Every structure is written in C-alpha cells, then in structure tokens.
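Reviewing the structure listed below.
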Amino acid sequence: MCRAGGTAEVSGDGGGFVPEKPCPGFCMNVPGLFQFAFLLRGVQTPSWTRWGLRKQQLSLPSVPLLQAARKRNSLNLLEISEADLEEQFVRGDGPGGQATNKTNNCVVLKHIPSGIVVKCHQTRSVEKNRKIAREILQEKVDLFYKGEDSDVFKEKKASEKQKQEKKRRAKENLERKKLFKEMQQLDKE
C-alpha cells in the first residue's frame, strides 16, 4: 500500500507488474519488489536482433555491490549541518580543454569549524560534484574529530593490513617456488 492509498502487487506467474488499483506513484511492497526485480533480470532483446548483439536490457547489480553499498552507508559518520559549510564554484582544471576551462563546475567546500577544505572536480555535473564533495568532507571531518576511533580510519587500517598480508603471502610463495626450482636442478644433476 502506498502513501497515496493505491496498492500494487507483482504476480508470481511471470506475468510481470500488475496493479490492483491505479496508483499515482510507483509503489510496491518489499517482497513484491524483489519478485519484480527477479522477473526483470531475465528480460532479453527481441529474437529478431542479431545473435551477437543480444544483451540483457535490465540487470540488477550483483550481491557484492549491494553489500558494499550497505557497508558504505553503515559507517557512523558525524553529521554536518549546511550552516557550517562554505561553498564555492570555481573553474576546473586538467584535461578536457574548453569544456573544463570555461565552466564553473568544480566545487570547493569548506567546513568552517574545523577549517577543512575539499575540492572536487570528478565529474562534469555540478550537482554530482557537490554530492561527492560533501561525502568526502564528511569522512574527513569524522576522521578529524574522532581520530583513531573513526570508522573511516578503522576501514583504512583493515585494508592496509590486508594488503600487507597479501604481499607477505606472495613473498612466501615466491620463495617456495625458488626453493622448488633449486631442488629440481639438484635432482637433475
């Protein structure tokens, strides 16, 4: 049941989305949404297209992406109020020529209480750059105030530890291979 009073349901017979009553917006209960998504997953292009050009029209992200998104949002970051921010739009730099040099789509965001400044020019869209800059600033402010107790810091430490462990294992494997080759050389002689 959606807020506007209409209801929508997904039929389990593979027929797709079947509304019970007209609904002013797209609304669906949670189990119905998963059934709907499952039905969409196998949608193919029409059979008259060339075999080599067939693709799935709509595919949902795989489970690891969903887990990563949930993990990212599960960080306990400090909230930043808009009153504490000073935002400026400046001209970007780098590759792109006239498209970058003449548009003010680079966002410079300053957190006034801490003095942390973030400059973001990752996309051509001002709105996307604003969003990305706020996410980066929120992580930096969290790290600034919480220090080693910050989730961002803990996540970074864990990834560094994994990298070191991976390097250590690779080094051990290399040594084992070297010893194995030496033993083979001795056996041949």
Filter result (over 18 Å from E135 (Cβ atoms) and surrounded by 10 or more Cβ atoms within 10 Å (Cβ to Cβ)) within segment 146-157 = D149, K157
Which members of segment 58-103 meet the condition of being loosely packed, with under 10 Cβ neighbours inside 10 Å, among the polar types (S, T, N, Q) and modelled with pLDDT under 75?
-> S62, N73, S74
Which numbered condition trips up L137, out of (1) assigned to a helix (DSSP H, G or I); (2) free of Cβ contacts under 8 Å to residues at least 40 places away in the same chain?
-> (2)
Number of positions in segment 101-121 that are touching a residue at least 12 places away in the same chain (Cβ under 8 Å) and either under 25 Å from Y145 (Cα atoms) or assigned to a helix (DSSP H, G or I) (or both) = 12
Confirm whether Q184 is assigned to a helix (DSSP H, G or I) and either in the same structural domain as E86 (by TED's automatic domain parsing) or at negative phi (or both).
-> yes
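The values are calculated or read from the model by the stated rules, or taken from the named source; none is laboratory data. These numbers were taken from a predicted model, which means no experiment stands behind them. All Cβ positions, even for glycine, are placed from backbone atoms using ideal geometry, and neighbour counts span all protein chains on display.
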